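Quick notes on the structure that follows.
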Amino acid sequence: MITFAAVSLIYPNSTKTVLENLSLTIDEGEFVLVIGPTGSGKSSLLRLINGLVPHHTGGILAGDISVDGISTQLVKPGGLAHLIGIVGQNPINGFVTDTVEEELAFGMESLNIAPDVMRKRVEEILDLMSLAPLRDRSLATLSGGEQQRVAIGSALVMHPKVLVLDEPTSALDPIAAEEVLSILHRLVHDLGLTVVVAEHKLERVIQFADRIVHIDGLGNTRVGTPAQIMSDSDIAPPIVHLARALGLEDVGLTVRDMRRMSEQIRGGNYSHTIEEIELASETVIELLDVSLSFASNTVLKDIDLKISAGEVIALMGRNGAGKSSLLKTIVGLYECNTGSVSILGNNPLKISGAKRRETIGFIPQEPSDLLYGQSVLMECEQGDVDNEIKKGSTFELLNELVPGISPHTHPRDLSEGQRLALALSVVLSAKPKVLILDEPTRGLDYQAKSHLVGTLLRYARVLGRTVILATHDVELVAELATRVIFLADGDCVADGKTLDVLLSSPAFAPQVAKVMSPQPWLTVKDVINALEEIQ
Amino acid sequence: MTDTRHPLTWWIWSIALALGIARGNNPWLAIAVVGCAYLVVRIFRSDAPWSRSFESGLKLGLWILIIRTSFGVLIGTPIPGTTIFRLPILPLPEWMAGIRIGGAVTQERLFSTAHEGVILAAIIICFAAASSLTSPHRLLRVLPFAIYQFGLALVIATSLVPQFVRSISRIRDAQYLRGQKLSFKKILIPLLEESLARSLDLAAAMDSRGYGSTRVRSRYRAITWNAGDTVICGVSALSLFSPALILISVITPFVLIKRKLAVPVQ
């Protein structure tokens with residue numbers, strides 16, 4: 001269906017080869033997963049398929065790509081619209097109209113398809129994607145998962161033979177992500193649709209993939225079955241790391257396979273001495289009966305919280321459960337309707353300037369909101385000046401977090417992980433008592449994520465500071481958090497130790513816990529520690 | 001609930017109301033019409049972003065009323081009558097004779113300027129009612145095809161405006177939380193970068209969905225003119241002949257409610 005014949009790609013004004021001599025044939029009905037570090041060229045590979053690269057972005061392309069026999073060199077992306085559906089990283093940025101139904105019809109109108117055919121197809125897609133109850137809704141009011149479904153639906157409505165998705169689950173909670181992926185799985189099997197997906201969170205997609213394309217960022221690519229690639233890939237989901245750590249012969253890619261292979265290990269008798277982390281008794285943040293509502297819409301309901309120094313708190317819950325609202329109430333962007341918030345005895349609404357930098361550090365969902373300098377160096381120097389610290393200390397901190405960033409790079413040209421590290425070092429240079437992060441792992445690869453975990457753990461343990469993060473990433477929570485607060489519709493439905501909260505709900509359990517149930521282990525490290533203890 | 005009216009219907013209705021108000025020149029009638037129009041908007045509007053434009057129109061109308069009245073009281077030729085209070089008179093050069101700033105404020109003067117203000121505000125609110133009842137996208141579709149392409153580009157540009165506003169407040173919040181004093185530059189740079197990235201995304205999405213690849217575009221929903229539209233427009237036209245009929249025309253849409261409620265609610 002898709003043929004890459006000796007494809008090489010290089011962008012103008014860049015010395016880095018994105019792809020070098022890639023030859024690949026994707027058959028009809030195949031589910032292909034593209035993996036690689038951030039900035040390695042996954043999105044470029046996807047956009048080559050319908051010719052957005054190089055027709056839209058520029059770039060020098062050698063070799064030929066053809067889809068269903070049509071070469072993308074001869075046809076513009078619009079000419080392939082009936083053949084290829086493409087869903088971008090942020091679906092809302094690609095929406096053209098304002099209601100669900102009109103958005104579904106937009107592509108067909110462009111291709112001048114007869115109205116009665118359109119009506120029928122829209123109805124089919126509304127049913128297929130379970131969008132019927134939302135048909136007249138304004139796109140701006142949909143949740144992340146619903147928007148993703150509309151975007152996929154408006155690609156499918158053209159009856160394409162190929163569907164290309166760039167990180168379809170990065171903004172979704174585990175349940176919404178599973179829903180989207182199972183729809184894709186069904187389409188591949190029922191309709192023989194060819195699907196190409198790029199994704200960082202392998203634990204969510206790997207079980208659906210027929211083949212994997214691994215890009216290393218230097219232009220080299222490897223193509224193989226998931227088992228082949230996972231046997232020695234540095235990018236691997238926790239389940240594969242578990243198999244390697246246990247020294248199993250094969251890597252299992254699904255929880256079911258791994259459970260079969262690890263039956264013996266699981267069955268052993270272990271003493272569960274969970275290391276208790278000593279917490280200072282000092283209360284840093286206190287919320288009393290906090291409620292928040294916008295117009296008639298209640299966002300938070302009677303939240304009572306006490307947070308001590310040194311705690312790492314993960315705030316979890318569905319898209320739209322009130323996580324961001326709670327964070328914004330704590331940092332003082334929203335004023336609660338009833339109740340009170342205090343940080344170290346201060347009202348967060350009344351802290352500003354230097355005192356704010358020393359009390360609360362906040363990393364928003366888009367770390368680039370904080371940045372306005374023309375280079376990494378300028379940004380770091382601003383941090384030094386603001387916090388009256390030795391010149392160069394902020395850049396040193398950045399170098400510790402992610403080594404090897406050139407000081408003259410423009411912040412926009414950094415990869416997602418590097419940009420987060422820059423924002424983090426600017427905020428951390430003030431050594432705030434409380435560090436708050438909103439969805440820090442969107443678009444981060446495993447390596448950047450482990451850097452982040454290391455930094456935050458050091459900050460909390462060594463300096464005894466409080467870290468609060470809102471996230472959908474259960475694997476991150478398992479590695480990092482000491483306490484999990486679970487929100488649903490603005491209510492605090494669970495609040496307890498990470499182990500207890502994560503194990504109590506299968507949808508939010510990390511992979512290792514699913515494999516090793518009923519043993520209370522969340523991460524590969526937990527398993528290794530327990531096994532070492534018994535020897 | 002979907003709006004089944006033809007997009008031109010509400011505009012014809014509101015233009016007729018506005019003309020009726022201007023012709024009738026009766027502030028009490030104008031206020032009554034605005035009240036009825038408000039009820040019509042409450043019942044017939046959808047949850048789309050533009051449906052809030054009635055409230056904006058209402059605010060704009062009130063501002064016009066306030067400004068118009070205060071200027072009318074301050075500036076202009078005096079009208080004799082019962083004096084309510086007296087303001088100091090601002091001395092003006094001789095060549096500006098006939099204009100007076102300040103001076104005695106009479107009851108007659110206050111009433112006459114307020115009267116004009118109410119009429120003006122009511123006309124503006126009528127147009128706000130039409131724009132909050134009609135999707136600008138649907139309105140564009142019934143316009144001649146030659147301006148459709150241009151219009152579509154315009155709609156896309158305007159649909160980026162709310163996102164623009166949201167981005168500004170998000171970036172401002174983030175900078176405030178970084179403990180920075182707010183400055184134009186610190187907001188502008190991230191904003192421009194984001195808007196540029198977003199427009200490129202949108203252009204890529206439209207391109208890959210075949211926008212502009214054929215010369216002719218088909219229409220998903222044919223927009224039809226039905227009996228309800230004829231009734232509303234016909235009765236509205238009557239209000240041009242007699243100001244007394246204007247109240248009938250403003251409540252005609254309610255006749256159609258019965259049918260509207262018969263549609264099963266999902």
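Only the coordinates and a few stated rules stand behind these numbers; no lab work does. From a predicted model like this one, the values you see are computed outputs, not experimental measurements. Here the Cβ is made from the backbone with ideal geometry for all residues, glycine too, and neighbour counts use every protein chain on show.
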| note | Heads up, segment A:283-504 by the C-alpha gyration tensor (a ≥ b ≥ c square roots of eigenvalues; a/c under 1.5 rounded, else a/b over b/c prolate, else oblate) looks prolate
| note | Given the candidates A:Asn319, A:Phe486, A:Asn220, the one whose Cα lies deepest towards the positive end of the charge dipole of chain A, counting +1 at each Lys or Arg C-beta and -1 at each Asp or Glu C-beta, is A:Asn220
| query | How large is the Kirkwood hydrodynamic radius of the protein assembly as shown, in angstrom, based on all distinct alpha carbon pairs? | reply | 30.3
| task | Return the whole-Å distance between the Cα centroid of segment B:190-260 and the Cα centroid of segment B:87-122. | result | 42
| message | Roughly how far apart, in whole Å, are the Cα centres of segment A:278-316 and segment B:1-77? | response | 45
| said: Using a Cα-Cα cut-off of under 18 Å, which lysines could be cross-linked to A:Lys16, ignoring same-chain neighbours fewer than 8 residues away? | reply: A:Lys42
| note | In segment A:287-408, lysine pairs 8 or more places apart or on different chains with C-alpha atoms under 27 Å apart total 13
| query | Setting aside same-chain residues fewer than 8 positions from A:Lys120, which lysines have a Cα under 17 Å from its Cα? | reply | none
| What range in chain A is the longest one free of trypsin sites (Lys or Arg not before Pro) that are in a loop by DSSP and have at most 10 other Cβ atoms within 10 angstrom? | A:1-389
| Which whole number gives the average, over all residues in A:150-156, of C-beta atoms from other chains lying within 10 Å of the residue C-beta? | 1
| task | With a Förster radius of 22 Å, plug the Cβ-Cβ distance of A:Thr338 and A:Thr283 into 1/(1 + (r/R0)^6) and report the FRET value to the nearest 0.05. | result | 0.60
| note | Check: C-alpha center segment A:163-194 vs C-alpha center segment A:68-125, spacing in Å is 18
| task | Take every residue in peptide B:211-223, count the Cβ atoms of other chains within 10 Å of its Cβ, and give the average of those counts. | result | 6
| field | All lysines inside 19 Å of A:Lys514 as judged from Cα atoms, apart from same-chain residues fewer than 8 positions distant | value | A:Lys201, A:Lys497, A:Lys525
| message | Show me the GluC sites (Glu not before Pro) within segment A:227-328 that DSSP assigns to loop and that have at most 16 other Cβ atoms within 10 Å of their Cβ. | response | A:Glu249, A:Glu275, A:Glu276, A:Glu278, A:Glu282
| message | What does DSSP give for the protein assembly as shown in terms of the percent of beta bridges that are antiparallel, rounded to the nearest 5? | response | 60
| request: Compare the Cα positions of A:Ser281, B:Ile187, A:Ser182 along the charge dipole of the protein assembly as shown (+1 at Cβ of Lys, Arg; -1 at Cβ of Asp, Glu; about the Cα centre) and return the one farthest towards the positive end. | output: B:Ile187
| request: Calculate how steeply helix A:446-463 sits against the longest principal axis of the alpha-carbon atoms of chain A, using the helix alpha-carbon long axis, and give the answer as 0 to 90 degrees to the nearest 10. | output: 10
| segment A:2-235 - Rg (one decimal) and Dmax (whole number), Cα, Å | 17.4, 52
| request: Assuming a ≥ b ≥ c are the square roots of the Cα gyration tensor eigenvalues, decide whether segment A:1-124 counts as rounded (a/c under 1.5), prolate (otherwise, with a/b larger than b/c) or oblate. | output: prolate
